[in-house]
1. Beyond 17 Å, how much of the Cα-Cα pair distribution for region 122-245 remains, as a whole percent?
2. Quick one: what does P(r) look like for the chain with 10 Å bins over all Cα pairs, in whole %?
3. If packing is taken as the average number of other Cβ atoms within 10 Å across a peptide's residues, how do 282-295, 127-140, 109-122 rank, most packed first?
4. Which helices count as membrane-span-like in the chain under these terms: full DSSP H, at least 18 Å along the axis by C-alpha, Kyte-Doolittle mean of 0.0 or more?
5. What is the count of Lys pairs in the chain whose alpha carbons sit under 20 Å apart, if the two are 8 or more places apart or on different chains?
6. For a label point 7 Å from the Cα of VAL196 along Cα→C-beta, name the residues of region 124-162 whose backbone N is under 18 Å from it.
7. Note down the nm distance, to one decimal, between modelled labels 7 Å out along Cα→Cβ at LEU112 and at TRP219.
8. May I ask you to compute the full-extension gain from LEU247 to ALA350, defined as 0.36 nm times their residue separation minus their alpha-carbon distance, rounded to one decimal in nm?
Amino acid sequence: MANGFFSKERITVGGDYNRWVIPPAALAVHLSIGQVYAFSVFNEPLSRIIGVTEQAPQDWSLATLGWIFSISILVLGLTAFIGGAWLEKVGPRTTMFAAACSFGGGFLVSALGVVTHQLWLLYFGYGVLGGIGLGLAYVSPVSALIKWFPDRRGMATGMAIMGFGGGALIGAPLAVALMNFFSSQNSVGVAPTFVVMGLIYFASMTLGALTIRVPSADWKPAGWEPPAASEQSGMIATNDVHINTALKTPQFWLLWAVLCLNVTAGIGVLGQAAVMIQETFGGAITAAAAAGFVSLLSIFNMLGRFLWSTASDYIGRKNTYLIFFGLGALLYVSVPIVGSSIGSLFLFVAAFCIILTMYGGGFSTIPAYLADIFGTRYVGGIHGRLLTAWSAAGILGPVLVNYIREAQINSGVEPANAYNITMFIMAGLLVVGLICNSLVKPVDPKYHMDSEEEEQRETVSSSTSGRTAEA
């Protein structure tokens with residue numbers, strides 16, 4: 001039905017609706033899918049499914065298990081690219097519920113893979129189905145929030161995407177506690193843990209889907225007026241650009257590079273943080289202390305998502321990324337000096353904590369940046385397509401950190417100095433990002449949708465919905 005329970009029309013509201021109901025709905029979804037950052041807690045137990053107390057010859061290796069996370073991030077980006085247009089068509093409730101089914105179902109399929117000891121089921125379950133859920137769930141609430149908070153776009157997206165960064169803080173201890181509860185002499189407890197977590201996340205995401213609403217086209221916050229052209233400095237669009245047209249603009253690809261380079265610099269470090277701090281400071285850092293370092297970085301990653309995106313409402317998105325790339329490059333250059341040369345643990349940790357705030361801030365600021373450049377109408381779909389930059393960075397960052405380190409050690413470099421070249425390369429990537437960001441300008445008016453084109457698209461959309469309902 002065109003106006004069925006999950007339809008976009010059913011959840012469109014206006015008037016004096018309380019928009020502050022929307023951020024908790026978005027947070028319920030992003031806190032759930034943020035569990036992906038904690039998936040590594042399953043890797044070691046998964047490598048002992050048969051041996052239980054120690055790895056048996058028939059058990060999976062950590063290297064093969066590592067692909068589960070990589071597949072899920074890759075599928076996230078591809079799904080967001082494809083699903084963004086669908087989101088704008090059917091609305092966030094349908095998309096978020098589909099995400100809940102896919103993400104929760106991915107855990108259940110993975111549990112079956114553990115029980116039958118079929119690795120491909122984990123690749124398909126958490127990697128493919130889970131990745132589809134991640135992609136749909138990531139863009140859906142962000143699109144709604146930007147429309148509800150035109151006056152505070154950065155803060156609104158920061159509230160949701162902060163949940164994605166903080167999801168691991170819930171997911172990791174929850175997974176460990178459940179595995180301990182279900183473990184026995186004959187089981188490491190992963191399969192029932194997958195089942196319970198799949199059901200929990202399905203319920204949380206479904207609650208968010210049922211709560212979400214979108215504002216009517218003529219809605220705006222009470223007392224708020226769009227900023228005048230002189231206040232905008234040309235960087236806040238008053239016209240919309242269609243999803244397909246956005247890909248034809250240089251602005252889209254410049255922002256694609258901006259996100260990719262910012263994420264590449266941070267994600268490689270985040271994935272190798274525990275090993276990096278232990279090797280840089282030798283035997284001075286215990287495994288427990290290294291784990292604490294990873295948790296600290298996760299906290300700063302989460303805080304940065306809210307603080308930097310909120311700050312961007314006041315200093316502008318372009319200036320925010322200017323800080324990310326300029327300050328980030330200086331910090332990466334300083335890491336070898338404060339780490340292996342000076343040996344200052346405090347400065348080493350402080351540098352990476354600041355870097356991780358900007359890594360997280362890059363994710364939460366980019367949707368508002370896109371809305372400023374392309375307008376709010378199709379920002380969900382455009383954001384979804386831009387997230388392929390994340391997929392590329394998810395491969396590029398870890399490869400740079402891991403393979404350069406391995407090459408350095410094989411050539412005789414001490415482990416404490418094995419990351420120096422990588423840090424300089426990361427700084428160079430951020431300088432390239434700085435250049436790309438500086439080239440971002442307002443979209444040429446020839447790409448803007450005019451009122452006649454918008455009316456035609458609305459007519460086609462309504463006609464399509466009507467035929468779907470009749471079918």
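Values in this text are rule-based calculations from the coordinates and carry no lab data. Computed from a predicted model, the values in this text were never measured in an experiment. Here the Cβ is made from the backbone with ideal geometry for all residues, glycine too, and neighbour counts use every protein chain on show.
1. So the portion of pairs separated by more than 17 Å is 71 percent.
2. Result, from short to long distances: 4, 20, 30, 25, 14, 5, 1, 0 percent.
3. My ranking of the peptides, most packed first, is 127-140, 109-122, 282-295.
4. 62-90, 92-116, 130-148, 153-182, 190-211, 250-280, 287-315, 317-336, 345-374, 388-410, 420-438
5. 8
6. none
7. Inter-label distance under the simple model: 3.9 nm.
8. 33.3 nm
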